[in-house]
Structures are given as structure tokens and as C-alpha cells.
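The values are calculated or read from the model by the stated rules, or taken from the named source; none is laboratory data. Because the structure is predicted, anything quoted here is derived from the model rather than measured. Neighbour counts are summed over all protein chains in view; Cβ atoms, including those assigned to glycine, are modelled from backbone coordinates with ideal geometry.
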Amino acid sequence: MSTTTPATTPTTEHQLLRGAGLRVTGVRLAVLRALDGREHSTADDVVRAVRADLGTVSVQAVYDSLNTLSATGILRRMEPAGHPARYERRVGDNHHHIVCRGCGVVADVDCTVGHSPCLTPGDTHGFAVDLAEVTFWGLCPACAPAH
């Protein structure tokens, strides 16, 4: 099952925040709007979008909102090795990502098996595994050498 978050209305954004036990603030709402349709955005991308939306806002306020929204599961944060953290609103479905080694573009990859956690480790060391995070690497069509 894929859980994506389509463009939301102010009412559902308010409900989303309150449902997670969070106060509704202008910066949090602007961060959510900034990520509508702009999946895999860096914090700098979000700061630019929030400033375009609200005007003056501190970088720290945006970072704090990104951290809070990620910690509560409203956003998903991914950190591809050697690249800045990326944020997205697609949560709850244990999808994976593919990253271009050339330009850094990121795309979603649905669960490799079809249900969470998608992969079964040979030894769980006693852990109750509920999530597998896989990052595939390669070259996107724009960066791949012509064959």
C-alpha cells in the first residue's frame, strides 16, 4: 500500500499537526506546503520555499520544524550518503529510494517485496524489525552515458 500525501487544505494540515500533538504554527504550515509536490527537498530548498511563502523567517525556525515534523512521523527524512538530508511527505509505506551518483536526483522505489519491512535480515540479533531502509544508487537517464 502506498501512502502519499496529496496537496492538503489548511483544515487537513491543521488536523495533521494537532493529531500529532503539535501546535499549529505558520512555519510548520509553510513547511508542509513547501513539500507539497516537491518531494525529496533539501532543508535549503524548504527554507527558500517557506521564505517565498511567508517572507522573513529564520533558517533555524525551518530546521526546527523539519526536525519536529520528522520526529512525529509527519515527514520522512532520508540521508543518502554524501548528500544533504532530504524531506518528503510520503510516509507510512516503507518505500525506498534511488539516487543518481551524477546529479543527486532522488526517486521513490516502491517496496521491493510488497509489504513492510520488505527485506528479511539473516540475523535480527533479537530486534523486532519493522522497517527496512534501502538506497539504490546509479545514474539517472540524463547522466548515464549514451549507449
VAL99 fails exactly one of the following numbered conditions: (1) among the hydrophobic types (A, V, I, L, M, F, W, C); (2) closer than 30 Å to ARG18 by Cα; (3) surrounded by 14 or more Cβ atoms within 10 Å (Cβ to Cβ); (4) outside the structural domain of LEU32 (by TED's automatic domain parsing). What is the number of that condition?
(2)
ALA81: passes all of (1) among the aliphatic types (A, V, I, L, M); (2) buried (at least 18 other Cβ atoms within 10 Å of the Cβ); (3) free of Cβ contacts under 8 Å to residues at least 60 places away in the same chain but (2)
If you check CYS140 against the conditions, is it farther than 30 Å from VAL27 by Cα, in a loop (DSSP other than H, G, I, E, B) and at pLDDT 85 or above?
yes
Considering only segment 15-49, state which residues are farther than 15 Å from THR68 by Cα and either of a type in the set (S, T, N, Q) or surrounded by fewer than 16 Cβ atoms within 10 Å (Cβ to Cβ) (or both).
GLN15, ASP36, GLY37, ARG38, SER41, THR42, ASP44, ARG48
Among (1) surrounded by fewer than 16 Cβ atoms within 10 Å (Cβ to Cβ); (2) hydrophobic (A, V, I, L, M, F, W, C); (3) at pLDDT 90 or above, VAL106 falls short only on (1)
